[in-house]
Amino acid sequence: MQKLLPLLILLTTGCQKAADVAPESDELVVITQGRNRDCGVAQVLAIDSARVRQVVGRTAFAPVYLALQLDTALWVRGTHTLLVRIRKPQPQESVFCTALGLGYPSFVVTSARLQPGSK
């Protein structure tokens, strides 16, 4: 019985859904805006653009960014509020654009999930 009790406690405390977990300190809140017409990748609006600037650097078009490697299911249909972890893109990760639109800066998404309470 004594061995069973700790096991039950671990099972009940470890069974949280990922969406129920509060944002961690290294996650940023972004709102998806669909496909960028110029580059064909996800375009997002960063809620805390100061934190994005710390990673990406100063940009002219903040708080709108291109989110490279963002899972298509999270942005292709409708607007979603996401919690993402980002990093600065490497030169080989750049995307080709038509140069007909604005040159939004980009960042690479290393992980993403829907914000708790959003669609």
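The values are calculated or read from the model by the stated rules, or taken from the named source; none is laboratory data. Please read all numbers here as calculations on a predicted model, not as lab measurements. Neighbour counts run over all protein chains shown; Cβ positions are idealised from the backbone, glycine included.
Brief remarks follow.
- The set of residues in the stretch 73-119 being under 15 Å from Ile47 (Cβ atoms), at pLDDT 90 or above and among the small types (Gly, Ala, Ser) consists of Ala112 alone.
- Among the residues of the stretch 75-102, those that are outside any strand (DSSP E or B) and over 15 Å from Asn36 (Cβ atoms) comprise Arg77, Gly78, His80, Lys88, Gln90, Pro91, Gln92, Glu93.
- Residue in the stretch 77-95 that is touching a Cys at 6+ places or on another chain (Cβ under 8 Å) and surrounded by fewer than 20 Cβ atoms within 10 Å (Cβ to Cβ) present: yes
- Cβ-Cβ under 9 Å pairs, at least 6 apart or on other chains, the stretch 38-50 side farther than 13 Å from Leu82 by Cβ, far side part of a strand (DSSP E or B) and not aliphatic (A, V, I, L, M): Cys39/Ser106; Val41/Arg35; Val41/Ser106; Ser49/Tyr65
- Tally of residues being free of Cβ contacts under 8 Å to residues at least 40 places away in the same chain and under 19 Å from Val52 (Cβ atoms) across the stretch 92-109: 2
- Residue list for the stretch 58-72, filter: modelled with pLDDT under 90 and either surrounded by fewer than 16 Cβ atoms within 10 Å (Cβ to Cβ) or not hydroxyl-bearing (Ser, Thr, Tyr) (or both): Arg58, Ala60, Phe61, Ala62
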